[in-house]
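Read-outs: derived from the displayed coordinates by stated rules, not from any lab. Everything quoted here is computed from the prediction, not taken from an experiment. As a convention, Cβ positions derive from the backbone with ideal geometry for all residues, glycine included, and neighbour counts pool all protein chains shown.
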Amino acid sequence: MELHKIQKTSDYLEHFKKSVTNSFWKEYVKLAKYYQELCEEFLKIANDTEKHFISCMRNILLVDAKIQMLFQFIVYIENNPIGFELSEDEIIEIIEISKSCYYRELLGGSLYNESPWMIICISDQPYESKR
């Protein structure tokens, strides 16, 4: 299916699941569970008719950023099965930390730059040093 032809939220999410082998999901149980939780969260937000569009969009983009990063890790792991040093918990932790600057960095900015005034960056959060 082509992205511009998607009509349902479930079709969008199903693409990711279909693009990963069943053996991967069986081997990486925590990542499979994490993906399922993200899908449930995504659908819950998308079907919430009581929230304003911008609020829903912000939350959907946050979940989508996590899904995008998860699948970047999955593609890397599938293509480099030997020598991958991160645990499933570490991957999830990196994703959770990085979700709020994903689109800014995707557009060429850095963690320290201000987010561009674009709808895709509405989920970005300002960088706050943990020092």
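The simple Förster model, with R0 at 30 Å and r as the Cβ-Cβ distance, assigns Lys51 and Ile82 a FRET efficiency of 0.10.
Net length available on complete extension from Thr9 to Glu27 is 3.8 nm, with 0.36 nm assigned per residue and the Cα-Cα distance removed. Expressed as a fraction of 2.2 N^0.38 Å, the C-alpha radius of gyration for the stretch 28-77 is 1.26.
Computed over the stretch 9-121, the alpha-carbon pair-distance distribution with 5 angstrom bins reads 2, 11, 20, 22, 19, 15, 8, 3, 1, 0, each value a whole percent. Here the residues Leu70, Leu43, ranked from fewest to most Cβ neighbours within 10 Å of their Cβ, fall in the order Leu43, Leu70.
Within the stretch 2-48, which trypsin sites (Lys or Arg not before Pro) sit in a loop by DSSP and count at most 15 neighbouring Cβ atoms inside 10 Å?
For trypsin sites (Lys or Arg not before Pro) across the stretch 2-48 that sit outside H, G, I, E and B with at most 15 neighbouring Cβ atoms in 10 Å, the list reads Lys8.
Counted by neighbouring Cβ atoms within 10 Å, the residues Trp117, Trp25 run from fewest to most as Trp117, Trp25. Computed about the Cα centre, the dipole magnitude for the chain is approximately 220 debye when only Lys and Arg (+1) and Asp and Glu (-1) carry charge, each at its Cβ. The GluC sites (Glu not before Pro) of the stretch 84-122 that DSSP puts in a loop, and whose beta carbon has at most 14 other beta carbons within 10 Å, are Glu85, Glu114.
Going from the fewest other Cβ atoms within 10 Å to the most, the residues Tyr103, Tyr112, Tyr76 appear in the order Tyr112, Tyr76, Tyr103.
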